[in-house]
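As structure tokens, the structure follows; a few thoughts come after it.
The values are calculated or read from the model by the stated rules, or taken from the named source; none is laboratory data. None of the values given here were measured: they were computed from a predicted structure. Heads up, the Cβs are rebuilt from the backbone with ideal geometry, glycines too, and the neighbour counts pull from every protein chain shown.
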Amino acid sequence: MSDAPESLESTVARRDFLRLAGLGTGALITGGMPMSAAAESLAATAPLTAQGRARATSHIIVVGAGAWGAFTSWHLRRAGHRVTLIDQYGVANSRATSGDETRGIRSSYGDRTLTPELWTAWARKSIQRWREFDAEHAKRFGTRYFFTTGDVILRERTEPFTTKTMELWNKLGVKHEVLTTDEAKRRWPQINSDGQGVVVYEPDAGVARARDSIQAVVALGRDAGVEFRLGKVTPGPISNGRMNGITLGDGTKLEADAYVFCCGPWMEKVLPMALKNKTRLPIGHVCYFGTPMGDDRFTYPNIPTWNVPGVTGWAALPVDSRGFRVRGAIAPPAPPRAPGAADAPPPPPSPSNAPPPDPRQQDPDLSSRWSSQERIDGSRRVLAKYFPALADAPLLETRSCHYESSVNRNFIVDRVPGAENAWIAGMGQAEGFKFSIVMGEYAAWRVLGDSGDPTIAEAFRLPTQEYDPQPATNASRGEDDE
């Protein structure tokens, strides 16, 4: 592998997806449609030097060495720019959202109210990018980072999530299968699919190794010339439309031509004026259970990733053998409905005497990442229902991390208000890791002056609305990434 950064000429064609993967487009996903004339023209374009693009020798500081920061800094360096990457705790540290072992990557986004076509298309592109990453770099590191497992969704009855997901898949040409219960039992007898009226399978979905892959991307960036520094960053003042440097915790001041803040759950702490009351920081919890000795039914590649109401998980990967992963379970089983009461409204919640949330649990620096027995018991209920052979499996470890949710439930890639040379790139919505390999490239080109598809740029703008001023809870939505 060459240590020289990839030239702008050789990477310009990789930007095609930024314009093609807009709303309603399926060409990039299915490969069955020709590139548009505009895309063909873009792919043949010489290096862009129009007004607004960063200078050929710009120095860009990226704050945050998590999933988005790692890929953004790497792409900026590959485009020929001097890059400094800074993180407060270190690459893929245990506080980081990307500090866990694995992340699921699938394209079932029928639950998205904003730009669901974009989420589905870019998830498919992310799967492709992860495969390309392994093809290019697995030999360098002596290991692979993405495993194609397939993903199965199980529901007792149709619901808006499953219906909309399949509508999106049909619209965008995403390969999937609608299975009967008997077929699901034949393929995966280790999964109890009794009573499941909806069984949908996405064969291209998979699992990526989170901590290891981010460390690999930062290593690739360093090989290419990215400078890494450890330190807490305080943004400098903004005057005349520009941010004037940053200051590290030891008092060191650094200046650059542009600044990119990929701070994950620390974003509001670093940029409080821009993001105050526009983010929430729930904590997601994961349990890893030991698989039976001499039994490979729950180990890759013998079982797909899975999605049941409120809970997701996947097989143990032999490459690291962390265990069978269960994410999001806590609530006890709902009581059976009385005959004829299927459409009756739920009873009003009873008053709660629970203490108010601990404010430290909303602070990624101070929160405790300990999974309660209640959560562990919830995970065991899921095992007992869907994977009965694992009902008494030993608990090997738990993991917890903050994920960041913006008020409009969409990513943010936009300028810091008032600063033309400073950018926000984040708000992963519990899905940030799976998109990082695409979003890092997108963020890099936005910083370099290419806004790409205007519909996408508009979707990722800093929201103007705010959350209602009420105490945030630590409840997780049960999504499968962070």
Task: Selected residue (criterion: surrounded by the most Cβ atoms within 10 Å (Cβ to Cβ)) from residues of region 80-102 that are of a type in the set (V, I, T) and under 19 Å from I61 (Cβ atoms) - done: V83
Task: Positions within region 308-322 being touching a residue at least 24 places away in the same chain (Cβ under 8 Å), over 20 Å from E156 (Cα atoms) and in a loop (DSSP other than H, G, I, E, B), in sequence order - done: A315, L317, V319, D320, R322
Open item on the list: If D151 meets every condition in (1) among the acidic types (D, E); (2) within 30 Å of S406 (Cβ to Cβ); (3) out of contact with any helix residue (DSSP H, G or I) (no Cβ under 9 Å at 6 or more places or on another chain); (4) surrounded by fewer than 18 Cβ atoms within 10 Å (Cβ to Cβ) apart from one, which number is that one?
Closed with: (4)
Open item on the list: Can you name every one of the helices (runs of 4 or more DSSP H) wholly within region 179-278 that holds 3 or more residues which are without any contact (Cβ under 8 Å) to a residue 12 or more places away in the chain, surrounded by fewer than 22 Cβ atoms within 10 Å (Cβ to Cβ) and at negative phi?
Closed with: 181-187
Task: Residue match in region 281-298 (condition: assigned to a loop (DSSP other than H, G, I, E, B) and at positive phi) - done: yes
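Condition check ((1) touching a strand residue (DSSP E or B) at 6+ places or on another chain (Cβ under 8 Å); (2) within 26 Å of R82 (Cα to Cα); (3) modelled with pLDDT under 90; (4) in a loop (DSSP other than H, G, I, E, B)) across all residues:
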| position | (1), (2), (3), (4) |
| --- | --- |
| P417 | no, yes, no, yes |
| Y442 | yes, yes, no, no |
| R446 | yes, yes, no, no |
| G449 | no, yes, no, yes |
| L462 | yes, no, no, yes |
| E466 | no, no, yes, yes |
Open item on the list: Between E441, E397, E420, which is within 17 Å of G328 (Cα to Cα) and acidic (D, E)?
Closed with: E397
TODO: Give the residues of region 79-97 that are in contact with a strand residue (DSSP E or B) (Cβ under 6 Å, 6 or more places away or on another chain) and under 21 Å from R280 (Cα atoms), sorted by residue number.
DONE: T97
Open item on the list: Kindly evaluate D392 against the criterion of being assigned to a loop (DSSP other than H, G, I, E, B), out of contact with any helix residue (DSSP H, G or I) (no Cβ under 6 Å at 6 or more places or on another chain) and either acidic (D, E) or at pLDDT below 90 (or both).
Closed with: yes
Task: Qualifying residues in region 154-165 (those that are more than 21 Å from the chain's Cα centre (by Cα) and crowded, with 16+ Cβ neighbours inside 10 Å) - the one farthest from G197 (Cα to Cα) - done: L154
